[in-house]
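Chemist: There's a structure below that I have some questions on.
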Amino acid sequence: MLKKINIKLNNNLLIILLIIILFFTVIFSVLLGKYDISVIDIFLIIRDFIFKANSGIDEMSKNVLLGLRLPRVVAALVVGVSLSISGAAFQGIFNNPLVSPDFLGVSQGACIGAAIGIIFSFDAFFINVFAFLFGILSVLITVFISKFINFKSNITMVLAGIIVGTLMSSVLGFIKFIADPSTELASITYWTMGSFAYVDTKLIKVAVVVLLICFIVLYKISWKIDILATGDEEAKVLGLNTMLIRNIVIICSTLITATSICIAGTIGWVGLIIPHFSRILVGSSNKKLLPISALSGGIFMIIVDTLTRIIGKVEMPVSILTGFIGAPVFLLLICVKRKK
Amino acid sequence: MNIYSIKNLSFSYNSERQIFKNANLLIEEGKLYSLLGKNGAGKSTLFSLLLNIRNDYSGQILFMDEEIKNISRKRLAKNIGFVPQIPKLSFDYTAKEYVAMGLLAETSLFTELNKRHYELVEEAFLKLEIEDLMEKSFFDLSGGEKQLVVIARSIVSNPRVILFDEPTAHLDIANQYKVLKIIKNLNSLGYTIIVSTHDPNQVTLLNKNVIILNGNGKIESGKTEDIINEENLKKIYSSDMIVENVKKFDRKICFFKNIS
């Protein structure tokens, strides 16, 4: 009994610890930048904003914090949380720890949507809409192909994902080939490498709502996702509607991944390494894994975005840094897991 | 009461491989049945039909007098326990978390297990006297321990029947004996049991009823002492085996002649 309480307490303690780390990461991130704002000013500006008060803080500081840094930090948090929980959930339903959120082609599809938007000189809003729609379309094609093959195994979905992903990469390559090299090609390439430099605050609000709804649904079915780890046949014998659970996870994960791609473009590694890291901390139970992945992913993304802002004179695309950090960290996590 | 009634069952994977042809079988409540057949005879296929995993057959399979195809997956899960040949698990869970999965049918889509359910999980461990394994990682368990935990999962929902698919196939002799002893104990507690094996000595050790699949598409059943003989074993395995009665244990032993 004592042991049971101890384990539970450790899990709760971990959540509290991560919330504290997240809080300080946010403060640290909004403090850093070319324009200096003190910690006290940050709290006063936020207090004024919430209670519609006026503490006499200069407008420039308010604009920098509320118009630039805070939305950016919130965007990084939303994207980090989204990619991490959809990665964890996808790994659960496909029984494969090497699966990432773009497994069913959502990222590749979104890139094509954005590239088309850039080629046709749409404004940022419609580029995002196109990215979202093509991301969803790409997943629908994957699901359709797997149903068309009609082989009763989730391997079919894996194969369909590979087929669609490869096809989409070729389509993107073709769009890049016909794009104007001096303007459009650079924009497409920059978009596909991910950045929080130009976040749309309206889009963040939508993303927060989508994320909250999908997270609640995923959390409520988290124990059912665990049962898929026994394989489809055993899960069915245990009474699980495997198709329903899989479809719910695919819909929720695709929605939050596609939304997060609209905010910051495609960002690799987060959805792969954060669930791995979290699994080492709390085990495989998705009820514990999803909240821990969410918090760890949010913290990781804010740190990475802050680094892209402060390293060098020109802001670095996020995916470059997540790749530099992700690859060695992933190797380290595999070594830790093997040692365990 | 009959747990299963199979009437005129026919099933084939393709035109060349007919597994069952107008086969009939009755499984009575509270009895223990050994399902004997060589590799590929259809033991696992029969289980997948009895579990309603496959329903592309002709004929009738009744579960407690109801067409199995019409029974919901949850209702079947509550009433049928299953022990697979090799337990699959892609991610590591504690033995307790694993056994709790056996109570899935007690929950709805957005609900989870409550305190009472976890008491049932603990009872299942206690029933098999393996409570020391409860907090251990499933991946860290030995082959024998894993099989005991899987058995605990199969009994946690207190089902009417438990299907064991070659539960001793990957175990050493001591663990084989341990698992068979547990199976017999569970039967004495009232559980209806079907246990598949390709070893006739396990059938005689359990010494209850036997179902044989001899590859002609039919299912035969009867008392172990009537069915296990040299003639039937020849039909099943297409090779000569000696069957001798060991009076001291009142049990038949099956073995091959020396290799010459």
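The values are calculated or read from the model by the stated rules, or taken from the named source; none is laboratory data. Values in this document were obtained by computation on a predicted structure and should not be read as measured data. Neighbour counts run over all protein chains shown; Cβ positions are idealised from the backbone, glycine included. Ligands, DNA and RNA are stripped out before the accessible areas are found, and what is left, the full protein with its side chains, is counted by its heavy atoms. Shrake-Rupley method; radii C 1.70, N 1.55, O 1.52, S 1.80 Å.
Chemist: For the range A:12-41, which residues satisfy the criterion of being touching a residue at least 12 places away in the same chain (Cβ under 8 Å) and over 27 Å from the mean Cα position of the chain (by Cα)?
Modeler: Initial filter on the range A:12-41 (touching a residue at least 12 places away in the same chain (Cβ under 8 Å)): A:14-15, A:18-19, A:21-22, A:25-30, A:32-33, A:35, A:37, A:39, A:41.
Residues satisfying the conditions are A:TYR35, A:ILE37, A:VAL39, A:ASP41.
Chemist: Free of Cβ contacts under 8 Å to residues at least 40 places away in the same chain and either among the small types (Gly, Ala, Ser) or farther than 18 Å from B:LEU62 by Cα (or both), is that true of B:SER5?
Modeler: On the way: free of Cβ contacts under 8 Å to residues at least 40 places away in the same chain: no; either among the small types (Gly, Ala, Ser) or farther than 18 Å from B:LEU62 by Cα (or both): yes.
Criteria not met by B:SER5.
Chemist: Still on this structure, I have one more. How many residues are of a type in the set (Lys, Arg) and within 14 Å of chain A (Cβ to nearest Cβ) if we restrict to the range B:37-63?
Modeler: Qualifying residue count, the range B:37-63: 1.
Chemist: In addition: Assuming A:SER100 fulfils every condition listed in (1) open to solvent by less than 20 Å² (accessible area, probe 1.4 Å); (2) under 19 Å from the mean Cα position of the chain (by Cα); (3) among the polar types (S, T, N, Q) apart from one, which condition is it?
Modeler: Condition (1) is where A:SER100 drops out.
Chemist: Separate question: With the condition being touching a Ser or Thr at 6+ places or on another chain (Cβ under 7 Å), open to solvent by less than 70 Å² (accessible area, probe 1.4 Å) and not charged (D, E, K, R), I'd like the helices (runs of 4 or more DSSP H) fully within the range A:1-94 carrying at least 2 qualifying residues.
Modeler: So the answer is A:2-31, A:39-51, A:70-93.
Chemist: Considering only residues that are closer than 20 Å to B:GLU230 by Cβ and either buried (at least 19 other Cβ atoms within 10 Å of the Cβ) or among the β-branched types (Val, Ile, Thr) (or both), which ones fall in the range B:171-206?
Modeler: Across the range B:171-206, the qualifying residues are B:THR197, B:PRO200, B:GLN202, B:VAL203, B:THR204, B:LEU205, B:LEU206.
Chemist: Kindly list the number of the only condition in (1) open to solvent by 50 Å² or more (accessible area, probe 1.4 Å); (2) outside any strand (DSSP E or B) that fails for B:GLU244.
Modeler: For B:GLU244, the exception is condition (2).
Chemist: If you take the residues of the range B:84-101 that are part of a loop (DSSP other than H, G, I, E, B) and closer than 15 Å to B:VAL156 by Cβ, which of them is farthest from the other protein chains (Cβ to nearest Cβ)?
Modeler: The residue in question is B:PRO87.
Chemist: Return yes or no: is A:ILE37 at pLDDT below 90, over 30 Å from A:ALA179 (Cβ atoms) and more than 14 Å from every other protein chain (Cβ to nearest Cβ)?
Modeler: So A:ILE37 passes the test.
Chemist: Of all helices (runs of 4 or more DSSP H) completely enclosed by the range A:231-340, which ones contain at least 3 residues that are touching a residue at least 40 places away in the same chain (Cβ under 8 Å) and open to solvent by less than 10 Å² (accessible area, probe 1.4 Å)?
Modeler: A:242-264, A:270-282, A:286-310, A:318-339
For (1) crowded, with 16+ Cβ neighbours inside 10 Å; (2) part of a helix (DSSP H, G or I), each residue gets a yes or a no:
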| position | (1), (2) |
| --- | --- |
| A:PHE130 | yes, yes |
| A:SER138 | yes, yes |
| A:PHE177 | no, yes |
| A:ASP180 | no, no |
| A:ILE188 | yes, yes |
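Chemist: Could you look through the range B:14-35, keep only residues that are free of Cβ contacts under 8 Å to residues at least 24 places away in the same chain and assigned to a strand (DSSP E or B), and pick out the one that is surrounded by the fewest Cβ atoms within 10 Å (Cβ to Cβ)?
Modeler: Out of the qualifying residues, it is B:ASN14.
Chemist: Out of the range A:211-270, which residues are away from chain B (no Cβ under 11 Å), at positive phi and of a type in the set (Gly, Ala, Ser)?
Modeler: A:GLY265
Chemist: Also: Which condition breaks for A:ALA114 when tested against (1) within 30 Å of A:LYS287 (Cβ to Cβ); (2) away from chain B (no Cβ under 14 Å); (3) buried (at least 24 other Cβ atoms within 10 Å of the Cβ)?
Modeler: Result: A:ALA114 passes all but (1).
Chemist: Given the options B:LEU113, B:LEU104, name the one that is of a type in the set (A, V, I, L, M), surrounded by fewer than 19 Cβ atoms within 10 Å (Cβ to Cβ), facing chain A (nearest Cβ under 8 Å) and farther than 25 Å from B:ALA174 by Cα.
Modeler: Unique residue meeting the criteria: B:LEU113.
Chemist: Scanning for something touching a helix residue (DSSP H, G or I) at 6+ places or on another chain (Cβ under 8 Å), surrounded by fewer than 21 Cβ atoms within 10 Å (Cβ to Cβ) and more than 14 Å from every other protein chain (Cβ to nearest Cβ), does the range B:64-83 turn up at least one residue?
Modeler: Looking for residues that are touching a helix residue (DSSP H, G or I) at 6+ places or on another chain (Cβ under 8 Å), surrounded by fewer than 21 Cβ atoms within 10 Å (Cβ to Cβ) and more than 14 Å from every other protein chain (Cβ to nearest Cβ), one finds at least one in the range B:64-83, hence yes.
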